[in-house]
Structure formats: structure tokens, C-alpha cells
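The numbers here are math on the coordinates, done by the rules we state, and not lab data. Everything quoted here is computed from the prediction, not taken from an experiment. Here Cβ is always computed from backbone atoms with ideal geometry, including for glycine, and neighbour counts include all displayed protein chains.
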């Protein structure tokens, strides 16, 4: 193939050695790298601080990921000291209804506190923006180098990508023969997973005396990741339901 291999190619190949979706693993690993670099090098950078303020801090996933970067916790403390102060200032008077009740009566409609609207319109978590870029790169690598022997062998040893990432790969490379090949190879892995989890279920019959295999014991957790992606990589719909 004519494409030049780059560091993302080798990271993806390495991620194929570990259990679970290799793209999820790359996105999570690069998120840690992004946060580590930010806390070590950019804590005092004005543009970085503005971006974090605009998003009211990092999302839940990336906030708790900060605890995994022990060497940079002082930098996190500096950032969150500022964010706590900002939250106190923005929510000042939030529970008071006097003037707003008068205005509501005058206009005939109830207005939500300005801070609520401001929070709903907050900027996207900057670490999520970086993670989205990482995800796009790795999906592109997986499709573009689909016929590459080394990556093909690495992917054959992996659990395959999760459903959300397979759909994203196809959406981003619609009509590509490499994308079609990725679908075919991934579905074969899912079929084997389906067999493992079906066997795990059937062996719960009280008449069964055959022991579970390691693949069967791990099958339901593998199915979780296959359908939903790795823990925390994809968001949930709890809050979207109320929008």
C-alpha cells in the first residue's frame, strides 16, 4: 500500500493485543495523554483556561480520569480552584425569586434563571473535543490500512471494534471496500462472542456438568463493550431524555 504508517498506526496495532475494542482503548489512552500534557504544560495558558471555563470544567468522564494522573494533580487543583470560584459567582442569587417573580407576573410567563440557560449552552469539554479527533484518526487508520498485512494480523487477534465504532467507521467511509471488509471481519468476531455467551447461558442448566471456559466466563462483559463501547467512552441519554 502507498499510505505511510505513522504513530497512530502502531498505537492501534498495539491496542489490538488487549481485550475489548481497540479504538476505545486508543481514545481512552490518548485522553489520558491529553490531560497529562495539559496539566503539566498548559495550566497557566490563557487560551486553555478560557476553554475550560467555557465548558464549566471537564465532562464527568474526563474529570474523574484526572485522578489517574497522580503526577499532575497539583495542576488539576489550580484549575479547579478557579472553577469552584467561577461556579460560586455564577450561581450567586440562584435560589432567590423576588425580582424574578415580579418580572414573571409582569410578562405573564415564567423565566428560567439565566445561569441554567448558560449551563445548558456551555461549550463542549475540551478533552472530549480531543478525544473525538483521536477517534476519527484511529477509525480512519483502521479502514485505510484494512488490507495491510501487519494490521490485519493484529486485528485478527483482537476482540474487534464495538458496535458504535463500527457504525462510525462505515458512516465515515461509506462505500469503501475496506469498510465493507472491516464489517465482515468484525461480524465474524461478534458471532464467536454470540456463541460464547449462548454457551455460558446454556451451561447454567442444573443438569450441566461441563465447566465454563475462560471465554464463556468473560462473554457477558465482552458483550457489554461490544454493544456500548468501553466504559465511559460513550455518553448516556439520562439527561437527553429531559431536553
All positions within region 119-150 that are buried (at least 20 other Cβ atoms within 10 Å of the Cβ), over 14 Å from the mean Cα position of the chain (by Cα) and outside any helix (DSSP H, G or I): 145, 146
Selection status of residue 161, within 14 Å of residue 19 (Cβ to Cβ) and assigned to a loop (DSSP other than H, G, I, E, B): yes
Odd one out for residue 177, checked against (1) more than 27 Å from residue 219 (Cβ to Cβ); (2) free of Cβ contacts under 8 Å to residues at least 40 places away in the same chain; (3) over 22 Å from the mean Cα position of the chain (by Cα); (4) surrounded by 14 or more Cβ atoms within 10 Å (Cβ to Cβ): (4)
Residue match in region 70-90 (condition: within 30 Å of residue 163 (Cβ to Cβ), crowded, with 16+ Cβ neighbours inside 10 Å and in contact with a helix residue (DSSP H, G or I) (Cβ under 9 Å, 6 or more places away or on another chain)): no
Which numbered condition residue 207 misses (of (1) free of Cβ contacts under 8 Å to residues at least 12 places away in the same chain; (2) surrounded by 13 or more Cβ atoms within 10 Å (Cβ to Cβ)): (2)
Some residue of region 44-55 being under 23 Å from the mean Cα position of the chain (by Cα) and under 30 Å from residue 227 (Cα atoms): yes
